[in-house]
1. If you restrict to DSSP beta bridges whose two residues both lie in the stretch 49-109, what percentage is antiparallel, to the nearest 5?
2. What is the list of residues in the stretch 113-151 whose amide nitrogen lies under 19 Å from a point 7 angstrom out from the Cα of ALA91, following Cα to Cβ?
3. Near LYS68, which lysines are there with a Cα under 16 Å away, not counting those fewer than 8 places off in the same chain?
4. Give, in nm to one decimal, the length gained when the segment between GLU65 and SER129 is fully stretched (0.36 nm per residue of separation minus the Cα-Cα distance).
5. May I ask you to sort GLU65, GLU113 by Cβ crowding, counting other Cβ atoms within 10 Å and putting the fewest first?
6. Counting Lys +1, Arg +1, Asp -1, Glu -1, what net charge surrounds ASP90 among other residues with beta carbon under 13 Å of its beta carbon?
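Every number in this text was worked out from the coordinates using simple rules, so none of it is lab data. Quantities reported herein were computed from a predicted structural model and do not represent experimental measurements. We place every Cβ from the backbone using ideal geometry, glycine too, and count neighbours over all the protein chains shown.
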Amino acid sequence: LFKSWQVFVFTLVPLALIFTGVILSSFHGADSAPEVFPTAAPRPTSSGPPPPAPAGTTQLSIAAENLKFDKASLTAPAGQPVQLMFDNKDAGQMHNVAVYADRSASTPIFKGELDTGPNAVTYSFNAPSSPGSYFFHCDVHPDMAGTFTVN
Ligand SMILES: [Cu+2]
C-alpha cells in the first residue's frame, strides 16, 4: 500500500506541475501572439495627408474628373521643390500628371505615377531651374493638358 505522502508526491505534485505548465504556456502564448499572427506591416500608401514639405516647397493641387483636369495652368518658382497633390476623382480611371519641356511631350521633366481613381496622390519634384512655359498632361489621356509655368 502507498503511504499518504507517496500518494501526495506521485499524484498531486505532477498535477500541480502540469497545471503550472498550462498557466505558464498560456502566458507565453499571449506574449508570443504578435509573432504567431503578425499584423501586416503598414504598406506605403499614396493616399492621405501629404508628407511634410521641406522649407520653400510650393504646394500645388490639381484634380481630374470626367477625363478633365480642373485647371489648365500650374505655376511654381524656378528650381524649387514642388508638392503637387493630385486628386483623381474618376472611379476606375487611370490618370497621372506629367510635366514636359514643351507640348511635344518628348522631354519629360517629371512623370507622376499612374493613379487609379478615386484616389489622391502627392507628387514631389523640383521645378525646372529655368523660368519659362512648360507643359503638363496625363500620359494616359494626352488631351488632358495644361501649361506649367516656372517663374
Ligand atoms: Cu488620364
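1. On the way: 3 of 10 bridges.
The antiparallel fraction comes to roughly 30 percent.
2. Correct set: 115-121.
3. Partners found: LYS89.
4. Numbers: separation 64, 0.36 × 64 = 23.04 nm, distance 3.06 nm.
Gain on stretching GLU65 to SER129: 20.0 nm.
5. On the way: GLU65 15, GLU113 11.
The fewest-first ordering by Cβ neighbours comes to GLU113, GLU65.
6. Numbers: positive: LYS68, LYS89; negative: GLU65, ASP70, ASP87, ASP115.
Residues close to ASP90 contribute a combined charge of -2.
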